[in-house]
1. Kindly provide the set of residues from segment 48-69 that are modelled with pLDDT of 90 or more, more than 17 Å from the chain's Cα centre (by Cα) and not polar (S, T, N, Q), ordered by number.
2. Looking only at segment 44-53, count every residue that is buried (at least 20 other Cβ atoms within 10 Å of the Cβ) and farther than 17 Å from residue 10 by Cβ and tell me the total.
3. Within segment 117-142, work out how many residues are among the small types (Gly, Ala, Ser), closer than 21 Å to residue 55 by Cβ and at pLDDT below 80.
4. Any residue at all in segment 35-47 that is at pLDDT below 90 and farther than 18 Å from residue 70 by Cβ?
5. Taking the criterion of being of a type in the set (A, V, I, L, M) and over 27 Å from residue 84 (Cα atoms), would at least one residue in segment 12-34 satisfy it?
6. In segment 39-57, is there at least one residue being among the acidic types (Asp, Glu) and farther than 22 Å from residue 152 by Cα?
7. Taking segment 12-33 as the region of interest, how many residues are within 30 Å of residue 63 (Cβ to Cβ) and crowded, with 16+ Cβ neighbours inside 10 Å?
8. Go through segment 149-179 and count every residue that is farther than 25 Å from residue 59 by Cβ, modelled with pLDDT under 85 and β-branched (Val, Ile, Thr).
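The values are calculated or read from the model by the stated rules, or taken from the named source; none is laboratory data. Predicted, not measured: the structure shown is a model, and the values here were computed from it. Please note: Cβ atoms are built from the backbone with ideal geometry, for glycine as well, and neighbour counts cover all protein chains shown.
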Amino acid sequence: MTSIKKAFENQNLNEMNIFLDMLEVKIGFLGSRKWFCKGYQGSISLNYLFAKAVEKTKNAEAAADISRTLTRIERLDQIATLKLKQTKLAKFFHFIPHFLGKFFFNRSKAKRLLKARINAPSLHNRNTLGETLLHEAIRDSRNHHDVGFIKFLISQGVRPFYPVIASEEDPITLALSLNLLEIAEFLFKNALSKKQISADQTQALLLNAVRLQNATAVKLFLDHGAKKNKETIKLAKKMGNKEILALMQC
């Protein structure tokens, strides 16, 4: 008998959408929820379904296909919740699956990514400050320190760096100000590889890194063409960070 996970592995998105309609839920010990399918071995969790949805929709041709997948999974979640409420466990344990699901697997991030794929054209829209969804994603990364959603935005054509006239910080400087160096480095190197950042803009980033006293970022920008000019040296001396002063050879 084929395992249910093996079946999911071999399915394309359309086949997965059909298969989702065949799933049935079983409420287990302490309110755990597992889905199974007649004729297949084993069971799967809601987290597994969201993970597979993210994987299968990566190269989806139509937003409607992704929307159908998300709708089906959310419906399975609703059915399981209703069934759980009908059991004697509901009064005490109905919150456990949701708590553990969010703790061990960032389900909200998976939903957000799926919804972003559905609304891909809006990813480039700017708000009144001139910011795109990239700024929001960087701020959200303070909580889960994950660059997956940010990489998705970049893969969809969102620029990793651009001057934001009405806002205080470009995406890279925002990441540095939140001490998200991994994200800042990813965005900077991506902008370099696509030739979407100029020498003057790299110089401005160096100045921001000195102001934020981030020695690692200072070295990164110096290694990629930024210059130790009078302005940056003066600011480094004013800030007094010994590691940065050493990099500037002050």
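1. Hits for segment 48-69 are 48, 49, 68.
2. So the answer is 2.
3. Matching residues across segment 117-142 total 1.
4. No, segment 35-47 has no match at all.
5. Scanning segment 12-34, I find at least one residue that is of a type in the set (A, V, I, L, M) and over 27 Å from residue 84 (Cα atoms), so the answer is yes.
6. No, every residue in segment 39-57 fails to be among the acidic types (Asp, Glu) and farther than 22 Å from residue 152 by Cα.
7. Of the residues in segment 12-33, 8 are within 30 Å of residue 63 (Cβ to Cβ) and crowded, with 16+ Cβ neighbours inside 10 Å.
8. Here the count works out to 2.
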